[in-house]
Structures are given as C-alpha cells and as structure tokens.
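Scroll down for the structure; my scribbles are underneath it.
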Amino acid sequence: MSAIRKARMGDVKYIHKLLFDCAQRGQLLARSLSRIYGSIRDFYVVEDEAGGLMGCCALSICWEDLAEIRSLAVAEDRRGQGLGRTLVTACLDEARELGLSRVFALTYEVGFFGHMGFAQVEKNDLPQKVWTDCLNCPKFPECDETAMLIKVEAVA
C-alpha cells in the first residue's frame, strides 16, 4: 500500500537524487537542489508503508489556464506498480481545483501519457513554456522531448 502527499522540505534531497538518477538514464532533465527547494510546493511524493519515498511529480503553473507536469520519476525498482499514474492523477486533480483548463508535459514517455489521455501537440502551441523555460535549457533549440497536452474541467 502506498500513500501520496505533498512534498516537504525533508524530501528535497531524495527528490534531487531520484531526478538525477533518472536523468543519468536519459529519462528526464535533472533539476538542481536550488530549483527543487524553490518549487517544493509544486511537488507530490508517493511513499510506502514505512514512509520511504518511491516517486515524485510536480505541477508547475505556467499561465492563467496552463500548467505543466514536471519531474515525474519513480524509483527503478518500483516501476510498473501504477505509482506514476497516481502521481499524475494527483497533479491533474490539483489543476482542476485551481481552475486550470490545460496541462501539458514534455516527455520521452509518450505511451504513458497517451494512456492517461494526453495528446501530442507541437511545442509552438505552448509559447508560455518556450519563452520562459525552454530558452534556458541546454537542449534548446534541439529539444528531443515530445509535447503532450490534456484538457481538464475545472471543479465547479
């Protein structure tokens, strides 16, 4: 049994290590400790019965109607247990509660996000992302991630 919760300051070093490990395998872009500390309120973590962390994911607001799923990572030995789906669902629920209508991800895991209802879009359809984060990315302008978007209904 696992539990999902908002991240706390004590989780930062675990999140950093998990993201670094996934980045080493080419699964996502690494984040610095400073960036994780600065955005800790965006993160969810999933923990096991003993309180050990098994994965993380963040919902980052980009614009009045747009947010991004970022830093989705599950420990290598915990994959295939639905933890990624649980983390993304928590972020989508929060997006609805905040009144956001669109959530996107830049990903190498097209199949996973496709199964969650995301559809492939052009990066140019996300100008708020391109002009804020992408310009500072070491992969810009040769980004090899796929942009995926889902529309969500706000909670009334």
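All of the numbers you see were taken from the coordinates with simple rules; none came from a lab. If you're wondering where the values come from, they're calculated on a predicted model, not measured in any experiment. Positions of Cβ are backbone-derived with ideal geometry, glycine not excepted, and every protein chain shown enters the neighbour counts.
Can you list the trypsin sites (Lys or Arg not before Pro) in the range 28-133 that are in a DSSP coil and have 14 or fewer other beta carbons within 10 angstrom?
Listed in order of number, the matching sites are R79.
How high is the relative contact order of the range 3-151, given as a whole-number percent (alpha carbon pairs under 8 Å, six or more residues apart)?
About 19 percent, as a whole number.
Hand me the tally of lysine pairs in the chain: alpha carbons under 28 angstrom apart, and the pair either on different chains or 8 or more positions apart.
For the chain, the number of qualifying lysine pairs is 12.
Extension gain R85-E49, at 0.36 nm per residue separation less the Cα-Cα distance, in nm?
Going from the current span to full extension adds 11.1 nm.
7 Å from Cα along Cα→Cβ at both Y108 and A23: what's the point-to-point distance in nm?
Label at Y108, label at A23, 1.3 nm between them.
Please report the antiparallel percentage of DSSP beta bridges with both residues in the chain, rounded to the nearest 5.
Looking only at bridges with both residues in the chain, the antiparallel portion is about 90 percent.
Report Rg(Cα)/(2.2 N^0.38 Å) for the range 3-151, keeping two decimals.
Output field value: 0.98.
Need the full-extension length gain, R8 to L33, defined as separation in residues times 0.36 nm minus the C-alpha distance. One decimal, nm.
Numbers: separation 25, 0.36 × 25 = 9.00 nm, distance 1.37 nm.
The span from R8 to L33 would gain 7.6 nm if fully extended.
Just to check I understand the Karplus step: with θ = phi - 60° and J = 6.51 cos²θ - 1.76 cosθ + 1.60, what whole-Hz values come out for the range 84-100, glycine and proline as x?
These are the phi-based 3J(HN,Hα) values: x, 4, 4, 5, 5, 4, 4, 5, 5, 4, 5, 4, 4, 4, 7, x, 7 Hz.
As a test of the formula, what do you get for the chain when each DSSP H run with n ≥ 4 contributes -39,500 (n - 2.57) and the sum is divided by the residue count, at 222 nm and rounded to the nearest 500 deg cm²/dmol?
After summing the helix terms and dividing by residue count, I get -8500 deg cm²/dmol.
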